[in-house]
Amino acid sequence: MLKLVIFGTMFSTIDLMELIIIYPKLFLISVPTLIIVLFWYIFCKSTGSRIFLVDFACYKPQKNQQICRQNFLNRSSRELKFNSDTLEFMDRILQRSGLGDKTYVSKGLLRDPLDMSTKAAKEEVEMAVFGAIDELLLKTGVRCEEIGILVSVCGVFNIMPSLSSVIVKRYKLREDIRSYNMTGMGCSAGLIALGLVQNLLKVHDNSYALLVTTESTTDNVYKGNDRSKLLSNCVFRVGAVALLLSNKPSDQNTSKYELIHTVRSQTANNDRSYNCIFMAEDEQGHRGISINKDLLYAAMKTIRSNISTVAPLVLPLSEQFRYLMNIIVRRFRTGSKMDPDFSRAIDHFFPHVGGKPVLDDLQKKLGFSDEQMEASRMTLYRFGNTSNSSIWYEVAYAEAKGRVKKGDTLWQIAFGSGFKCSSVIWRATRSIDRDEMNPWRDEIDEFPVDVSEIEPLSDLFLTSK
């Protein structure tokens, strides 16, 4: 005779039949309820460890903060008293950097005389951060009291109370919010912070996390004539992004993306990597960020290490096998090195807009098409290098073009001082409407523009000592 155990009690089939006859309504109610509870448990189990990007918002400064190359040079000559050789050198950088004539600088740098005070720097950061958060809250409809985790990122500008405290005060966030403030980690800090948020959401169920990244251009202006410190003056611009992440199963169908992988690499134990981007004072006591020719060496070394970890996570087995066979063959006979073709696994590639030489080399080594590199080149042209938020202006570009479809795989990779490199892999949970709130929305049809004739920057860097 068949026997079943239900809630620790053994029933025979005869017992069960008797129960059904005596209490038919009980079974009509309890059995469907048990099935629903079971399916809900399985659903929560499968989605409980998943992390979703509900939405993000990129800050777009006011039009009166735009500056063209010639105006930038004129103001630098008049206000900062650079010598003629320095101005000529800066002009060459601006011509070759890949920036257009509609990038944004802070209000303090447009005043007469220039205002580079801590107050002006704080004003710049607050305008960008508050602008991004306000738009994000409007897009998502999430209430401030629902946010349980806050991570703020600002590379060089550091204040007390911290930027995270400024945000908590402004938006009256919860007293028990888990807040963190990251600084001094360069242009890869935004993706590094995503790794922190990922770990926090793994241990705090049913939570929303707010991640905000920005940089201050006001506080980072170099006032001397040391060529190695002038690049940051020329290419860095105003920008910020706010992201809302969730581990709530209920957000699965309404979120934009699911977080699949985060990978971090660094080569700070190598002197050339460690010293290629370095903040220091020059002989006259002017503080600035030195960038030398070892940047390209450090970037490719660290990026290569990062990619070697990313490859087995995303490449199809056929591509991994082809790459492995090429390595084996080259051990026994001379042959050309084959780089894995990531375009077979990645639909959208968003590298940090650090510079044209790095973008060119990444495209060549990873096999991406001009269209797949378009977002990064156009972001550099339209918004400049906004540090750790740049890669989100790239994602916004692809969305504004209507290119992101449900199931697409996105790869963001950012790199910066240290030297550090971070990758994040996303999967689109829905197709993105090109008419959604977006910093490119009003001008997306003007792009892409042709930047193929711009000469590389590599010869402008100074060799390290």
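The values are calculated or read from the model by the stated rules, or taken from the named source; none is laboratory data. In this text, all values refer to a predicted model and were calculated from it rather than measured experimentally. Counting neighbours? That spans all protein chains shown, and the Cβs are built from the backbone with ideal geometry, glycine included. Just the protein is used for accessible areas: all its heavy atoms, side chains included, with ligands, DNA and RNA removed. Shrake-Rupley method; radii C 1.70, N 1.55, O 1.52, S 1.80 Å.
A few remarks follow.
- Crossing angle, helix 13-22 versus the chain [Cα axis fit, 0-90 degrees, rounded to tens]: 90
- Rounded to the nearest 500, the 222 nm mean residue ellipticity of the chain from helices alone is -13000 deg cm²/dmol, with -39,500 (n - 2.57) taken per DSSP H run of at least 4 residues.
- Degrees separating the helix 356-366 axis from the principal Cα axis of the chain, which is the longest one: 40
- On the basis of the beta-carbon distance and an R0 of 45 Å, Asp442 and Val329 show a calculated FRET efficiency of 0.30.
- Stretchable slack from Asp205 to Glu283, in nm (0.36 nm times residue separation minus alpha-carbon distance): 22.8 nm
- Filter on Lys139/Lys405; Lys256/Lys301; Lys102/Lys406; Lys107/Lys139; Lys102/Lys293 - keep pairs with C-alpha separation over 30 Å: Lys256/Lys301; Lys102/Lys406
- Proximity of backbone amide H atoms, modeled 1.01 Å from N, is registered between Arg237 and Asn385, Thr386, Ser387 at under 5 Å, excluding neighbours fewer than 5 places apart on the same chain.
- The figure for Thr118 is an accessible area of roughly 90 square angstrom, using a 1.4 Å probe on the protein chains alone.
- Shown in residue order for segment 273-278 are the 3J(HN,Hα) couplings computed by the Karplus curve 6.51 cos²θ - 1.76 cosθ + 1.60 at θ = phi - 60°: 5, 5, 8, 5, 10, 8 Hz (x for Gly and Pro).
- Scattering profile of segment 51-437 at q = 0.06 Å⁻¹ [log10 I(q)/I(0), Debye over alpha-carbon scatterers]: -0.23
- Axis angle, to the nearest 10 degrees, between helix 84-96 and the longest C-alpha principal axis of the chain: 40 degrees.
- Under 5 Å from the amide H of Arg430 lie the amide H atoms of Gly407, each residue being 5 or more positions distant or on a separate chain, with H modelled from the backbone and absent for Pro and chain starts.
- Per residue, the solvent-accessible area of the chain (1.4 Å probe, heavy atoms of protein chains only, all protein chains present) comes to 48 Å².
- Under 20 Å from the Lys102 label point (7 Å along Cα→beta-carbon), backbone N, segment 415-442: 434-442
- Of the solvent-accessible surface of segment 167-303, computed with a 1.4 Å probe and all protein chains present, 45% belongs to carbon and sulfur.
- Sequence-distant aspartates and glutamates (8 or more away, or on other chains) whose Cα lies within less than 14 Å of Lys119: Asp219
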